[in-house]
Amino acid sequence: MSHASVLPPLPRRPEGPAGSEPTGGARRTWLVLALVGLAVVLLGVAAVRVLAGFASGASTPEQAVEDFLEGTAANDGVASLAALSPGEARGADALQEAVEQRLATLDVDTAALAGEGLVARIEGLELSSEQLADGVARVTVEGGTLVVEREDGAPIDVAAAFGPLATVIGMGAIASLEVEADGESGSGSVVVSEGPSRSFGGVDDGYGWYAYAPEDEETDDEPEMLDRIEVSLADLWRYVAMPFGWSGDDDGSSAAPDVDTTFLVVRHDDRWHVSLVGTVADVVARVGGAPAPDFGALAAALDAAENGDRAVGATPDDAIRLLVESFGDGRVADVLDALPVDLVGGLYPFADALQDMVDADGLALDVAVTDLATTQVSDANGLVRVRVDRLAAAGTAVEGDHSDDVDLLLDGSCLTVGGDEECLPADLVDATTIDGLVLTLVEVEGGYQVDPLATLYDNLATVAAELPDAWLVQLMGPATVGERTPVGTGTTTVTFDEAGAALLEVPAEAGDVLSVAVAAGVEVDTLDVYQSASPDVPDYETAVHHGLWDEAGEGEPAVVAVRVAETGDQLVHVQLSEMRSVDVAVSVNVGAVPTVAPGDTVEPQYGTYGVASFDDAAGGEDGQVVTTGPGTAGFCWTEDTPCPALVVAAGPGVTLGVESYEDDYSAELERSADAYDLPRADATLAGAEDGHLATSLTDGEVEVALDVATQGWVLLDVVNLIEDGDVVVTVLDADGEEVAYADAGLEHDDEWLDLELDPGSYTIVVELFDGGDATGDVDLLLN
């Protein structure tokens, strides 16, 4: 079957000073983050429903953990939330109510989202506890299994059920899960693999998860129905902890860390509560080999809260000032003291480890609030909501030998730092009504403290309540709940909804080639085809895309083409980059397409574009079929048999050719000068041989002279060979002024610059920014 990548290419690294003009995609970052956050909330509430009730705790640490685990498995939101630390549950009820009301407006079946007919429970739960300090305990799960069955006793359809099960397990994507079937009992065990893997012969659940069993050597059969699914809590815990213990092996694999299944439990008001914040910190610390935690610090913080000795503000404004200025001396404990202890108490034992991280960065910040104006929004149930109309702060930031003045101004929906202003995008403000910062504060003994988590819950509740239905449809899955627009072949003017989306319903016969093109000049982010054979999953394997993500050239339409697998209505989801209602011309074509071979021209038989079929085997073993001109060629995934692939031409003059993998790789390395307005500069790197210089840092820095004889572009690649080290690269002119700067912010990773330089003398400065050996090796590559 043919396949073309549907993921955007990796972006080039920065080719200029940090803070250059953002792209259209960068301007939409706020919107994307808001939608992703709401999607997590929607799915989480629908699938696990732990956002209800009130935190009441348990009489023993073991009982608190048991209540939490069993309540979560049984979808008992009251029991789950009641077991949590009060600060981790505060404000969740309002969010849950807002989300449920919006789901109701879409007529969404939340039971189906959570796995209709599935029930889960914990079997064989065994717990032990260890007293760490007064009011602090660690509970270990010695044994237990999560069991999932159908309520009516019928077998579980693995393909239908594994998506919701993935939500229960964690919705991660680090490792795969395998369902091993017992042929006699009909039960299945979910086990964690030792690294990332994908089984294309397995069952794709639409979430990027694959459920499969070890293949039978003769039949290659895989389980489709299981009586029950079992997940060892120990395996599940190691899976959750895997991101924190990633080994980074060269082959891409990673073994799950060997860490006990434990929960940190804290006593508040004589009742025991699970602290998820502390539990995560405890796991990260143990997996990462952090210094021994000081649980006595948590006990002392709890005592201080009971005695009214915490750092609090007499008024909400005082509490906001207190939190901002707590960052001043760089002490982690001061920041924790300014926040509710029932929220951040679990971090106190690890304050020293966090402090070491702060000190290693070498950044000291001394700021004071110079102006603050707020408006109270509400005051109820011990929570005060205030809108920050204006907040100004000034001070000094010191990093090593460098010192800079800091000026910060938050004015409504705009934040200005050092003269650079960023505002919330107008479309986000219009869609959510969030036009500034609204903080939630909690009343505590002696005054108020800012509650970041309750603030998050409150703002997400506002988004859930105000977000237009069209945007929610995109979050919940357009093919599932979206309103369909029937279209036939030819060009149709389609009215896109408020989210800039449309769901087209196109009838097609098996074997037909279905293609859809959006008018040239309209930027398109998504062109997904949901084939009738797999209506719940976008066709990412057979579809060929051209011109998405603002990559279409002038006059080129965005196009998708697929070969239809099953007769019926095919759905095409079109998402424009601009999220607003607009009328756009869309061309739909269904039927047979011509067959071409390397050397042939792909004719635009549909006017603005064309589609043809070709034999992917024409590329041979050492090459691939490619296009010249504005076109995209797909390719096939087969074992031995050649198969027909599709090619899209987004204009005239597109021909099919064959490019060897070696030539393609060399082109990536050499970077054709035709792609630049200027030729490659005649440049020399001091001490380099054929453009390659192997050198080492001295006291965390090395300087290398660069002479440029002719104007042009220069490609500089700094290969970082320092394990656990992050380097930054600065280019200085003859006057010592910064010309360019590169920092990917990753350890043991390259930095590179692609820039245009005038003739003259320059200095390349490579500095060790964080971690690693201050005398470590780096290689510099020029052009």
(message) Given points 7 Å out from each Cα along the Cα-Cβ axis, report the Val406 to Asp269 separation in nanometres with one decimal.
(response) 3.6
(request) Name the residues whose placed amide hydrogens come within less than 5 Å of the amide hydrogen of Cys643, ignoring near sequence neighbours (fewer than 5 apart) on the same chain. (result) Asp616, Ala617
(message) With θ taken as phi - 60° and the coefficients 6.51, -1.76 and 1.60, list the Karplus ³J(HN,Hα) couplings across region 335-351 in order, rounded to whole Hz; mark glycine and proline as x.
(response) 5, 4, 4, 7, 10, x, 5, 6, 9, 9, x, x, 8, 4, x, 10, 4
(request) Work out how much length Leu456 to Ala314 would gain on full extension: take 0.36 nm times their residue separation and subtract the Cα-Cα distance, in nm to one decimal. (result) 48.8 nm
(message) Which order do you get for Ser128, Ser326 if you rank them by accessible area with a 1.4 Å probe, largest at the top?
(response) Ser128, Ser326
(request) Above 16 angstrom, tally the Cα pairs of region 440-517 and express them as a % of all pairs, no decimals. (result) 67
(message) Skipping prolines and chain starts, which residues have an amide H placed within reach, meaning under 5 Å, of the one on Thr710, given they are 5 or more residues away or on another chain?
(response) Asp682
(request) Step through the residues of region 500-516 one at a time and calculate ³J(HN,Hα) from phi using the Karplus curve (6.51 cos²θ - 1.76 cosθ + 1.60, θ = phi - 60°), rounding each to whole Hz and writing x for Gly and Pro. (result) x, 10, 8, 10, 8, 10, 10, x, 7, 8, 4, x, 5, 9, 9, 9, 9
(request) Could you list the GluC sites (Glu not before Pro) in region 432-502 that lie in coil according to DSSP, counting only those with at most 15 other Cβ atoms within 10 Å of their Cβ? (result) Glu445, Glu483
(request) Could you work out how far apart the two model spin labels at Asp779 and Glu509 are, taking each label as a point 7 Å from the Cα in the direction of the beta carbon, and quote it in nm? (result) 5.8
(request) May I ask you to derive the FRET efficiency for Ala585 and Val377 from their Cβ-Cβ distance with R0 = 51 Å, giving the value to the nearest 0.05? (result) 0.65
(request) Obtain the nm distance between the two label points defined at Arg387 and Glu737 by a simple spin-label model: each point lies 7 Å from its Cα along the Cα-to-C-beta direction. (result) 4.4
(message) Let's test the formula: R0 of 60 Å, r as the Cβ-Cβ distance of Asp260 and Thr763. What FRET efficiency results, to the nearest 0.05?
(response) 0.70
(request) Rank-order 137-150, 61-74 by packing density, defined as the average count of other C-beta atoms within 10 Å over each peptide's residues, highest first. (result) 61-74, 137-150
(request) Quick one: what are the phi-derived ³J(HN,Hα) couplings along region 57-71, Karplus 6.51/-1.76/1.60 with θ = phi - 60°, whole Hz, x for glycine and proline? (result) x, 9, 7, 9, x, 4, 5, 4, 5, 4, 4, 5, 5, 5, x
(request) Grab the beta carbon distance between Glu566 and Glu659, set R0 = 41 Å, and tell me the FRET efficiency rounded to 0.05. (result) 0.75
(message) For a quick check: with amide H placed at 1.01 Å from N, whose amide H comes under 5 Å from Asp600's, ignoring anything fewer than 5 positions away on the same chain?
(response) Leu656
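The values are calculated or read from the model by the stated rules, or taken from the named source; none is laboratory data. In this text the structure is predicted, and so the values were computed from the model without any measurement. Every residue, glycine as well, gets a Cβ built from its backbone with ideal geometry; the counts of neighbours run over all protein chains shown. Accessible surface areas use protein heavy atoms only, side chains included; no ligands, DNA or RNA. Shrake-Rupley method; radii C 1.70, N 1.55, O 1.52, S 1.80 Å.
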